[in-house]
1. Residues in the stretch 7-23: is at least one within 30 Å of Val177 (Cβ to Cβ), of a type in the set (A, V, I, L, M) and either modelled with pLDDT under 80 or assigned to a helix (DSSP H, G or I) (or both)?
2. Return the pairs, sorted by first residue and then second, in which the second residue is among the small types (Gly, Ala, Ser) and not in a loop (DSSP other than H, G, I, E, B), the first residue lies in the stretch 268-297 and is under 16 Å from Arg100 (Cα atoms), the beta carbons are less than 8 Å apart, and the residues are 6+ apart or on different chains.
3. What's the number of the only condition in (1) within 13 Å of the chain's Cα centre (by Cα); (2) in a loop (DSSP other than H, G, I, E, B) that Lys222 fails to meet?
4. Quick check: is even one residue across the stretch 168-181 touching a strand residue (DSSP E or B) at 6+ places or on another chain (Cβ under 6 Å) and not hydrophobic (A, V, I, L, M, F, W, C)?
5. So which pairs qualify, if the first residue must be in the stretch 78-90 and more than 14 Å from Asn67 (Cα to Cα), the second must be loosely packed, with under 15 Cβ neighbours inside 10 Å, the Cβ gap must be under 8 Å, and the two must be at least 6 apart or on different chains?
6. Of the residues that make up the stretch 258-267, is at least one modelled with pLDDT of 65 or more, of a type in the set (S, T, N, Q) and touching a Phe, Trp or Tyr at 6+ places or on another chain (Cβ under 8 Å)?
7. Take the residues in the stretch 65-119 that are under 21 Å from Leu272 (Cβ atoms) and polar (S, T, N, Q), then tell me which one is surrounded by the most Cβ atoms within 10 Å (Cβ to Cβ).
8. Do you know which residues across the stretch 205-218 are within 24 Å of Gly246 (Cα to Cα) and either surrounded by 14 or more Cβ atoms within 10 Å (Cβ to Cβ) or modelled with pLDDT of 95 or more (or both)?
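The values are calculated or read from the model by the stated rules, or taken from the named source; none is laboratory data. Just so it is clear, the model here is predicted, and its values are computed rather than measured. All Cβ positions, glycine included, derive from the backbone under ideal geometry; neighbour counts span all protein chains shown.
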Amino acid sequence: MKGDFDLEKRSKAFIELYNMKWEELVSTHALRTLNENKRNEPKYLPVTSDIVKLTKYLKDKVACGVNVLKNESTSKPNDAKHTWKDLAEVTLASLIVFNRKRSGEVAKMTTSDLTKCTKGGNGVAVEGLSKLEQELCKVLWRVEIIGKKTRTVPVLMTNELKEALDLLYQRRREAGVLETNPYIFATLHSEGHIRGPDVIRTHARNCGAIHPEYVTSTSLRKHIATVCQIMNLKDNELDIIARFMGHDIRTHREYYRLPDQTLQVAKVSKVLFNIENGNLQNVVGKSLDEIQIQPDE
């Protein structure tokens, strides 16, 4: 009994000492070391030519996948299963790369989200846009998904990507997706979803990129942030892009602005298209209103 009492006494003394000194003697120094290592670590962004190469590769793969799945016989479930999975992976990668979104957010897009996908913008807001921006509102689709800290995050898509998503939705059952699986990019025979980082890593390597290791959803988000720094953006334009990217904006900046839906489709898409095609010279030193894109882009 005396031994137990001594052990209890020493244990209490240790816990008291731990609570008093751990932060001062251990955790503070460890945190400082981690921060110093992180600060001194070189930060690499994707090479523009690699982004262009990956984008073209994904576009071709999506177009091919849509064509194959459309013509895939429903009597051959095994073939449809593999084709569906391949198309789901390249479509997910395409959405992440184009929108510069967190990979986990896009991967968790649900069938319910897709059914609420819209094209065009608020009628009154569209009237205040340039002709180019009005045309972008006509050809780009917009869907809202759940982002970090349950924020609503928009995702833009071309007609080609919308067609791919619709086809994935229509053929999911015969591919082996469970009826109870809510995700568009579902894993077969389970309740989960395809992992965004995995598809980006795979296709960055397969497209022949010079530095595929630099192509991640995080580095792509840093890339667009860097591009924005060399542009001449006004405060409200920074807000538009920040909200599109899912970043936190002070509450008072949410008022007295045109609807986000229209602004994100019309203005942010011009930045995305220029980056996608490697035309950084078209955005340097310009505001969102001044940026142009070629009609065939």
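1. Looking through the stretch 7-23, none of the residues is within 30 Å of Val177 (Cβ to Cβ), of a type in the set (A, V, I, L, M) and either modelled with pLDDT under 80 or assigned to a helix (DSSP H, G or I) (or both).
2. Gly278/Ser49
3. Single failed check for Lys222: (2).
4. Scanning the stretch 168-181 turns up no residue that is touching a strand residue (DSSP E or B) at 6+ places or on another chain (Cβ under 6 Å) and not hydrophobic (A, V, I, L, M, F, W, C).
5. Note: pairs meeting the criteria are Glu89/Thr202.
6. yes
7. Only one residue fits best here, namely Thr91.
8. Tyr214, Val215, Thr216, Ser217
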